[in-house]
Ligand code: 5AD
Ligand code: FES
């Protein structure tokens, strides 16, 4: 690590900000030594705010039906081989019940943009969960919707919303998405979510086709200025039924480096060690935590549908019961000195 690199990292730690050019230089110039140096700082920052607690979110993948056609995604509309399913409201409540007894106090309903989940249907589900689990946070990750829809869901009791921006570079966004999707609309949705009062999550894939240190620098600048409460980043992993099938997966060490950078930009951010990170390396999630992450999102979906929610190839934990994943994660994190918290795990601000 040269002096310049060290100076950038030290300044990022102090000021939580660099210019876009500096972010790009930090990424291009990174060495193993710099990655370890920044991970240490990120670990200390997370520790000072959140201690040794790792927050868990019970992820319920409610539908693999999607009207969108994002080029990277295995459940894109155009994938005729994808297996489609949708959970009924009763299935969702059952997942939440079992999750609650395992110690989950946040439920994340995630799914493709499935037209079945109209505002009426989804607000009814959210209200029911709100009533049955008053001490839990309800997070939605259901894609782009109308502002009125986000408002109705918020009134029904949803607390948080995850909508990755995917890339903060409009040209890059166009490379990853079909013409009917727009960067401006994605940004408008994120803005609306924040204004309505959701704890809002943005995020992006590391190593998506067409990504450069330039576009990543833009992602970091966007994170710095938008200040999301959550930031989901994980490696891109090719799916065999998409046209990106032959593209290489995102790099483990770059992902870890970026987790640390994001922790220094937004010390309070809730930062998951994602399933995708655990998919590209058997200890990916542990390394993510050690690089500054503090959230993990194991799957609560019924085992018989798990393989069908296949955004990318070789996804881990698709054969495990929820209880197995909870126990497995508790052991894994305690082995590296962390503790799986039983709490909503709200963002500190
Ligand atoms: N590899 C990694 N992550 C993916 N996602 C979608 N497809 C892939 C893939 N092939 C991510 C997107 C989306 C989130 C739900 O999953 O970033 O926002
Ligand atoms: Fe699912 Fe380890 S986290 S089995």
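Computed from the coordinates by the stated procedures, all read-outs in this text should not be read as laboratory data. Please read these numbers as outputs of a predicted model, since none were measured by experiment. Reconstructed Cβ throughout: ideal geometry from the backbone, glycine too, with neighbour counts over all protein chains shown.
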Inset, instruction - Sort 253, 23 so the one with the fewest other Cβ atoms within 10 Å of its own Cβ comes first. - result: 253, 23
Inset, instruction - Mind jotting down the three principal axis lengths of region 151-297 based on Cα atoms? Whole angstrom, largest first. - result: 41, 38, 27
Legend entry - For 283, 163, order by how many other beta-carbon atoms lie within 10 Å, fewest first: 283, 163
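With runs of 4+ DSSP H residues as the only contributors, calculate the mean residue ellipticity of the chain at 222 nm using -39,500 (n - 2.57) per run, divided by the residue total and rounded to the nearest 500.
Numbers: 14 runs with 159 residues, N = 349.
That comes out to -14000 deg cm²/dmol.
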Legend entry - Footprinting exposure proxy for 222, 204 (fewest neighbouring C-beta atoms within 10 Å first): 222, 204
